[in-house]
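Since the structure comes first, as structure tokens, the remarks are kept for the end.
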Amino acid sequence: MGRKPKDSSEKSSSNGVWGKSVSKEKSIYATLKEITGTDMKAYYIMFLYCPEYLKEADRKPVKDFEDLKSRYKCFSETITEDICKRYIMEQGCQTAVKWLLKRLHQKKMIELYDTYYKKALDGDVQAFKAWQDFSDKFFTEDKENELTKLLNRIPDDDLVKDEEDYSYSYEE
């Protein structure tokens, strides 16, 4: 009972284990489509805010709305750019845009973190100070989220039944 021969689609990971690579993260497009409910709105939002992530954009960037419309069949002949601009006012599109801008902002923050770090390694004292300050702010949100997750594990009943006296009195 030996191991079956390697499939050409399998890859070796850093630990020497062979297997197919699997990503559980959804693509930008898939997330936008899930939020907005349509391909057209997802592609239009990507066109506005991150055209570099559209299919084949690295080889042939999308020039304008008509170019976008010609590349994706979900845009019918009756759909105009003005109609798509109105879609942006819908709650689902607003939520999708906000989600996307947050992701793009996070990417820029990581790039800034790396820039400060590289400059600090080169001996730039100001960059080192900036990197330290930036790190404190950049990772603060994660610490708060971890604390919130921990606190959310406490059942509400335990909080209501708690008979501990947390009052504080100060005497001199």
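Looking at residue 16, is it open to solvent by less than 50 Å² (accessible area, probe 1.4 Å), part of a loop (DSSP other than H, G, I, E, B) and either modelled with pLDDT of 95 or more or farther than 30 Å from residue 86 by Cβ (or both)? Reasoning before the result, please.
Working: open to solvent by less than 50 Å² (accessible area, probe 1.4 Å): yes; part of a loop (DSSP other than H, G, I, E, B): yes; either modelled with pLDDT of 95 or more or farther than 30 Å from residue 86 by Cβ (or both): yes.
When the stated conditions are applied, residue 16 passes them.
Being part of a helix (DSSP H, G or I) and of a type in the set (Ser, Thr, Tyr) is the filter here; which residues of the range 60-75 pass it? Full working, then the answer.
Initial filter on the range 60-75 (part of a helix (DSSP H, G or I)): 65-71.
Correct list: 70 only.
Answer yes or no: is there a residue in the range 112-135 that is at pLDDT 90 or above and β-branched (Val, Ile, Thr).
Yes, the range 112-135 has at least one match.
Are any residues in the range 146-172 surrounded by 10 or more Cβ atoms within 10 Å (Cβ to Cβ) and modelled with pLDDT under 70, and if so, which ones?
Result: 162, single match.
Kindly list the number of the only condition in (1) part of a helix (DSSP H, G or I); (2) under 15 Å from residue 42 (Cα atoms); (3) open to solvent by less than 70 Å² (accessible area, probe 1.4 Å) that fails for residue 135.
(2)
Yes/no matrix, rows are residues, columns are (1) without any contact (Cβ under 8 Å) to a residue 40 or more places away in the chain; (2) in contact with a helix residue (DSSP H, G or I) (Cβ under 6 Å, 6 or more places away or on another chain); (3) open to solvent by 50 Å² or more (accessible area, probe 1.4 Å); (4) over 15 Å from residue 41 (Cβ atoms):
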{"site": "70", "(1), (2), (3), (4)": "yes, no, yes, yes"}
{"site": "75", "(1), (2), (3), (4)": "yes, yes, no, no"}
{"site": "92", "(1), (2), (3), (4)": "no, yes, no, no"}
{"site": "99", "(1), (2), (3), (4)": "no, no, yes, no"}
{"site": "105", "(1), (2), (3), (4)": "yes, no, yes, yes"}
{"site": "115", "(1), (2), (3), (4)": "yes, no, yes, yes"}
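Conditions (1) surrounded by 10 or more Cβ atoms within 10 Å (Cβ to Cβ); (2) modelled with pLDDT under 90; (3) more than 20 Å from the chain's Cα centre (by Cα), marked per residue:
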| residue | (1), (2), (3) |
| --- | --- |
| 2 | no, yes, yes |
| 6 | yes, yes, yes |
| 42 | yes, no, no |
| 51 | yes, no, no |
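The values are calculated or read from the model by the stated rules, or taken from the named source; none is laboratory data. Note that the structure is a prediction, hence the values are computed from the model and not measured. Don't worry about glycine lacking a Cβ; one is built from the backbone with ideal geometry, like all the others, and counts go over all protein chains shown. In case anyone asks, the SASA skips ligands and DNA or RNA and just uses the protein heavy atoms, side chains included. Shrake-Rupley method; radii C 1.70, N 1.55, O 1.52, S 1.80 Å.
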